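Participant: Quick one: structure below, then a few questions.
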Amino acid sequence: TTPQTAAAVILFSVATSVQSVLIKASQNHDDGTYPFSYAELPLLAEIIKLAASFVTLYLTNKASAQTLLASPRWATLRLYAVPAALYSLQNNLQFPVLSNVDPITFQLLSHTKIVATGLLFRVY
């Protein structure tokens, strides 16, 4: 592995581990609400990730980016629709769930999405 790969893995691991703690810390301790719209936050995060993906694709291989944007393979995109919908549902449910459970329990339960995604990829 390259140093860049190792750094990316470490950064992703830390970000994933700290996510539920930060969500719980942002919760209002008086009434359990959040000082922001938690329905819009996952959407904004996904839009930023999509934009970063397109920029990275464009910078690494311009021909592939132009081909991808000009003619998407709809049959391939449909294969990812169910896992993407489940991932979106999980991201939107994490705020209400963290209102009722502690971050450690949430982390343990949230890793079931890995199994579900793997099963859906095998089925579809």
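Participant: How about region 14-27: which of its residues are of a type in the set (S, T, N, Q) and open to solvent by 60 Å² or more (accessible area, probe 1.4 Å)? I'd like the intermediate steps shown before the answer.
Facilitator: Step one: of region 14-27, the residues of a type in the set (S, T, N, Q) are 16-17, 19-20, 26-27.
S17, Q19, listed by residue number.
Participant: Let me ask something else. Could you tell me which of the residues T105, T60 is more than 20 Å from the chain's Cα centre (by Cα) and either at pLDDT 80 or above or over 21 Å from S17 (Cα atoms) (or both)?
Facilitator: On the way: T105 fails: more than 20 Å from the chain's Cα centre (by Cα).
Of T105, T60, the one residue that is more than 20 Å from the chain's Cα centre (by Cα) and either at pLDDT 80 or above or over 21 Å from S17 (Cα atoms) (or both) is T60.
The values are calculated or read from the model by the stated rules, or taken from the named source; none is laboratory data. Since this is a predicted model, take the numbers as computed values, not measurements. What goes into the accessible areas is simple: the full protein's heavy atoms, side chains included, and nothing from ligands, DNA or RNA. Shrake-Rupley method; radii C 1.70, N 1.55, O 1.52, S 1.80 Å.
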